[in-house]
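The structure under discussion appears below in the form of structure tokens.
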Ligand code: PMP
């Protein structure tokens, strides 16, 4: 029987991998997927959007029409930068947040995840510094790690990045002779922290980045999901020359077509297009055309509105359940997006606790997933996007049971330690 047939994990090429391949790590979230997809488990772990209310029948007719009427174009390769009519439509989506964008500077990508990869490929050599919020998006940290970046986390409070800590971190890295390549930030409805950067902080941060010559990689998939319909001017509108901006249809429409985009100053845009062409030749034409048809033919603003209301209901259910069942914890109050960031009582470890939580049929993502360094043990990311409100409440109730048992154990342990101290 050949090695392939046996499905063995014996790796004949162990000595052949590039150094960067050794840095690839399975995301803590994806590792959880097989467990949390069991129907009896309430998953507060993954950030899957709830697309239950999409008008699927209408989308099906639209897809059929697209293939019947424009099939030869839809089934063909397209240009590396992305299809012109979609890039035009993307600028209308960006305008909803107050961005005056030029379609010439839009690069369509396979989800904004590919844009994260391309930007990192363009700028990062092993050991180069990327500044990121503390905590930061697990999927971005995975990319940064794969390119062997040195990620330095910057402290945040309820207004976003703390300017003094930004300056301290920049000076520290430079005093070590490090090259800082960019600041990666999610100013709106942060994943995982659930907070947004205040307007004065945005101004201040942009000025500091100009002063210290630091490029900004602004990741904004949730910006249109403010629960009161509110939007906050993205950094790219404040300083288009300093920012590479990433957008996505995954949360405001659906992730299935895997269409996102980068918006960059022309010189960076040109490099992104070449890098994307060498990675994928062109983004999916059928996906781009389907999204363009959706934006043209449907009330996509109304769809976003109904998403906002649905997610607001789930956020409320989560916060109410936390107040009822877990008053010993602290959590952020998200005004949009999918997540709240929970701080456990002293002495509890979210990573250790996870197997106990799963046996109580609730899953979450431990805070450790959101740091390049060994941090976040006392934190949990709770996602309220996917389960319905009653399940969210039940999930938090189960989580509380685990937390309370854990607190008892910590107390008992402390008591025993004290006892020994008197021995
Ligand atoms: N950035 C952030 C902050 C995200 O939360 C996600 C999705 N979880 C992405 C980027 C990637 O989104 P996509 O590739 O689906 O556009």
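Descriptive notes on the structure:
- The stretch 145-201: C-alpha gyration tensor shape, a/c 1.5 cut-off, then a/b vs b/c: oblate
- Our estimate of slack between residue 212 and residue 343, defined as 0.36 nm per intervening residue step minus the Cα-Cα distance, is 43.9 nm.
- Gyration tensor verdict on the stretch 198-288 (Cα atoms; rounded if a/c is under 1.5, prolate if a/b is larger than b/c, oblate otherwise): oblate
- Normalising the Debye intensity of the stretch 20-93 to I(0), with uniform scatterers on Cα atoms only, and taking log10 at q = 0.13, 0.17, 0.27, 0.28 Å⁻¹ returns -0.82, -0.97, -1.22, -1.27.
- GNM result for the chain, Cα springs below 10 Å: residue of 89, 60, 254 fluctuating most strongly: 60
- Beta-bridge orientation, the stretch 190-324: approximately 50 percent antiparallel, per DSSP, counting only bridges with both partners inside.
- Globularity ratio of the chain, using Cα Rg and 2.2 N^0.38 Å: 1.03
- Rh by Kirkwood over Cα pairs, then Stokes-Einstein D for the stretch 291-334 at 0.890 mPa s and 25 °C, µm²/s: 194 µm²/s
- Helix 285-297 vs. the chain, principal-axis angle (Cα, 0 to 90°, nearest 10): 90 degrees
- Folded to 0 to 90 degrees: helix 199-211 orientation relative to the chain principal axis, Cα: 70 degrees
- Choice from 344, 59, 68 with maximal GNM fluctuation in the chain (Cα, 10 Å cutoff): 68
- Given R0 = 35 Å, the distance between the Cβ atoms of residue 68 and residue 231 translates into a calculated FRET efficiency of 0.40.
- Spatial separation of Cα centroids for the stretch 46-75 and the stretch 100-114, in angstrom: 21 Å
- q = 0.11, 0.19 Å⁻¹: log10 I(q)/I(0) that the Debye formula gives for the stretch 233-343, counting C-alpha atoms only: -0.57, -1.10
- Rounded to 5, the percent of DSSP beta bridges in the stretch 49-191 classed as antiparallel: 15 percent
- Principal axis dimensions, largest first and in whole angstrom, of the stretch 295-388 by Cα: 52, 33, 24
- Degrees, to the nearest 10: 350-359 long Cα axis against longest axis of the chain: 90 degrees
- Inter-part distance where the stretch 373-398 and the stretch 188-252 are each reduced to a Cα centre, Å: 25 Å
- With both residues required to sit in the chain, DSSP beta bridges show an antiparallel share near 50%.
- Residue exposure sequence - 284, 34 - by fewest surrounding Cβ within 10 Å: 34, 284
Values in this text are rule-based calculations from the coordinates and carry no lab data. For clarity, every value in this text was computed on a predicted model and none was experimentally measured. Because the Cβ atoms are built from the backbone with ideal geometry, glycine has one as well, and the counts that use them run over all protein chains shown.
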